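Derivation of every value follows stated rules applied to the coordinates shown; laboratory data play no part. Source: prediction; values computed, not measured. Ideal geometry is used to build each Cβ from the backbone, glycine not excepted, and the neighbour counts take in all protein chains shown.
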Amino acid sequence: MLIVLVQVHVKPESVEAFKIATHENASHSRLEPGIARFDVLQQADDPTRFVLVEAYRSSTAPAAHKETAHYRAWRDAVEPMMAESRRSTKYNNVSPDDASY
């Protein structure tokens, strides 16, 4: 299991539009066979900051995700909403039982 945390800083005037676009992408992403989990988190003390938690079933699933129409639509829609470039960090799940996903 590969976990990707994507950190996004959104312009204040774009927060609601970002949430709508991101929830749309997340709902479609959860239907992909290579995605075990896709969560959208908004920082409690700074509503312009988000973390996307993406759990992939294989190391090749992120590339497949980036080829989907919903990902490309999201990427293009939210790019002008960002206060800075998004950043991602990849993690390997080392839990003894990752079947909980």
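Residue 37 satisfies every condition listed in (1) without any contact (Cβ under 8 Å) to a residue 12 or more places away in the chain; (2) of a type in the set (D, E, K, R); (3) over 20 Å from residue 76 (Cα atoms); (4) not in a loop (DSSP other than H, G, I, E, B) except (1). Among the numbered conditions (1) touching a residue at least 60 places away in the same chain (Cβ under 8 Å); (2) not in a loop (DSSP other than H, G, I, E, B), the only one that residue 84 does not meet is (2). On the stretch given as the range 40-77, residues that are within 9 Å of the chain's Cα centre (by Cα) and part of a loop (DSSP other than H, G, I, E, B) total 0. Restricting the search to the range 12-34, which residues are touching a strand residue (DSSP E or B) at 6+ places or on another chain (Cβ under 7 Å) and assigned to a loop (DSSP other than H, G, I, E, B)? Residues satisfying the conditions are 30, 34.
Of the residues making up the range 32-73, those that are over 19 Å from residue 3 (Cβ atoms) and of a type in the set (A, V, I, L, M, F, W, C) are 44, 69, 73. Name the single residue that is surrounded by the fewest Cβ atoms within 10 Å (Cβ to Cβ) among those in the range 1-56 being polar (S, T, N, Q) and touching a Pro at 6+ places or on another chain (Cβ under 9 Å). The residue in question is 14. Counting the residues of the range 57-81 that are free of Cβ contacts under 8 Å to residues at least 40 places away in the same chain, surrounded by 12 or more Cβ atoms within 10 Å (Cβ to Cβ) and over 17 Å from residue 31 (Cβ atoms) gives 1.
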